[in-house]
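Inspection log for the structure reproduced underneath, given as structure tokens.
Computed from the coordinates by the stated procedures, all read-outs in this text should not be read as laboratory data. Just so it is clear, the model here is predicted, and its values are computed rather than measured. Here Cβ is always computed from backbone atoms with ideal geometry, including for glycine, and neighbour counts include all displayed protein chains.
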Amino acid sequence: MGILNDRGRYYWVKRVPKRFAGLVRGVDGQTVTQVRQALHTDNKAEAKIKAAQIEGARLAEWEALAAGDSASARKHYEAARKLAAARGFPYRPVENVAAGDVIDMLNRVLALAEGSRQQPPQLTASLATAEALLGTVPETLPSMPEILAENYELTKTRHLKKSEAQRHKWKLPRERAVNNLVEVTSPKDGQGKPSAVPVDHIIIRACRTRARCSVAASSGMYRGQYLPVSTLCFCCRPCWS
């Protein structure tokens with residue numbers, strides 16, 4: 001982060017990190033490698049405070065852009081929540097925003113605009129910011145692989161004394177179980193490979209589908225039986241801890 005004094009007024013200036021290259025665009029729609037924003041102050045101490053707030057909001061916005069550019073709907077939703085929080089608002093679905101307090105909705109819209117004493121406010125925020133503040137990113141639950149990855153992250157301190165081979169052996173049955181569950185509950189992509197869906201979609205599909213309990217078969221339980229997919233979600237879970 002940096003602040004620049006230009007003719008007595010301070011500006012926030014930052015080079016776009018490499019991981020966001022090609023995602024950040026200027027007012028002309030072209031990608032940029034450096035951004036600059038007026039802080040509307042000639043006081044250095046005040047400029048530093050404003051710059052820190054702007055940097056936090058901009059980084060959250062860029063993370064949302066990167067998540068929206070990825071294939072994970074869950075990452076897009078989580079990034080939108082963080083971006084809304086960085087702008088000082090809790091994330092709310094658009095129907096709740098529309099049916100809620102009028103002042104809250106007005107504040108969200110005004111937060112998308114920039115103006116000055118000489119010019120009226122203009123909508124200058126990015127699409128990712130507008131989606132986050134107005135709640136147009138659908139709430140999405142994680143897929144089973146994403147839940148497993150999160151579990152690994154949350155429990156990594158329990159396995160610090162394990163060797164790489166021991167960690168691989170510990171992960172193997174869990175990953176096999178999740179992969180088997182994805183195989184029998186998820187739609188196939190153009191190449192015939194299963195595409196993991198959010199866990200609430202698994203439950204919806206389970207109401208219409210009966211599948212061989214391949215997950216349980218991998219652990220020796222219910223071998224060869226046919227069970228509802230909803231049963232697989234509960235009776236065939238590996239021990240996560």
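Summary table
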{"item": "Contour minus Cα-Cα distance for residue 174 and residue 106 (0.36 nm per residue)", "result": "19.7 nm"}
{"item": "Pairs beyond 23 Å (Cα-Cα), from 48/75; 44/82; 18/82; 14/48", "result": "48/75; 44/82"}
{"item": "Formal net charge of residues neighbouring residue 169 (Cβ-Cβ distance under 13 Å; K, R +1; D, E -1)", "result": "+3"}
{"item": "Mean Cβ count within 10 Å, highest first, over the residues of peptides 164-175, 51-62", "result": "51-62, 164-175"}
{"item": "Extension gain (nm, one decimal) between residue 157 and residue 139, 0.36 nm per residue minus Cα-Cα", "result": "3.5 nm"}
{"item": "Reachable lysines from residue 161, criterion Cα separation under 20 angstrom, eight or more residues apart if same chain", "result": "169, 171"}
